[in-house]
């Protein structure tokens with residue numbers, strides 16, 4: 001699971017297509033409304049947060065990571081610990097390949113919001129990248145049931161299982177991810193962790 005799957009994680013967050021996206025975004029918006037005196041004049045709180053996150057996404061895609069951090073820094077301190085912003089911080093760190101720092105933020109997300117699936121997915125990803133794949137598996141296994149609603153959960157699980165030699169389980173998880181989101185097929189065909197399945201996938 002290499003840069004292409006990492007990009008997929010970025011898409012999964014910013015497209016906000018999971019069942020938890022609206023809930024976590026709502027938390028951030030509620031916090032913004034409670035401290036709207038800290039928002040620049042002329043900006044509605046929800047519009048301002050959306051503007052910042054859109055900018056962060058754009059800068060990440062362009063590789064302008066310092067600019068992404070500068071956008072996050074414009075948010076009030078009390079907003080930076082909300083789920084949606086913690087996820088944004090994690091994703092910038094993933095683009096920087098700052099695995100240990102991203103792991104710390106992911107763990108903070110898990111601690112503060114244990115029902116949010118993103119913290120578990122990103123923490124496991126970071127552990128896998130630093131060679132702690134067994135611990136990555138443990139993170140996913142101890143996550144909330146909502147994880148099983150995420151295609152990227154099964155995709156990443158298949159990567160970890162393949163790396164650990166559990167090929168049968170990896171194939172099952174991979175097929176499940178592709179059933180849920182067929183766009184993952186293109187990523188899987190180029191993912192070194194899934195090399196065992198490249199012929200099956202028509203690479």
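Readers should treat all values here as calculations from the given coordinates under stated rules, not as data from a laboratory. Remember, predicted model here, so these are calculated numbers, not experimental data. Ideal geometry is used to build each Cβ from the backbone, glycine not excepted, and the neighbour counts take in all protein chains shown.
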Going by C-beta contacts inside 10 Å, put 118, 158, 146, 177 in order with the fewest on the left.
-> 146, 177, 118, 158
Rounded to one decimal in nm, the spacing of the 7 Å Cα→Cβ label points at residue 47 and residue 100 is 4.4 nm
Calculated FRET efficiency for the pair residue 54/residue 200, C-beta based, R₀ 41 Å, to 0.05 | 0.60
Shape of segment 160-203 from its Cα gyration tensor (a ≥ b ≥ c, root eigenvalues): rounded if a/c is under 1.5, otherwise prolate when a/b > b/c, or oblate?
-> oblate
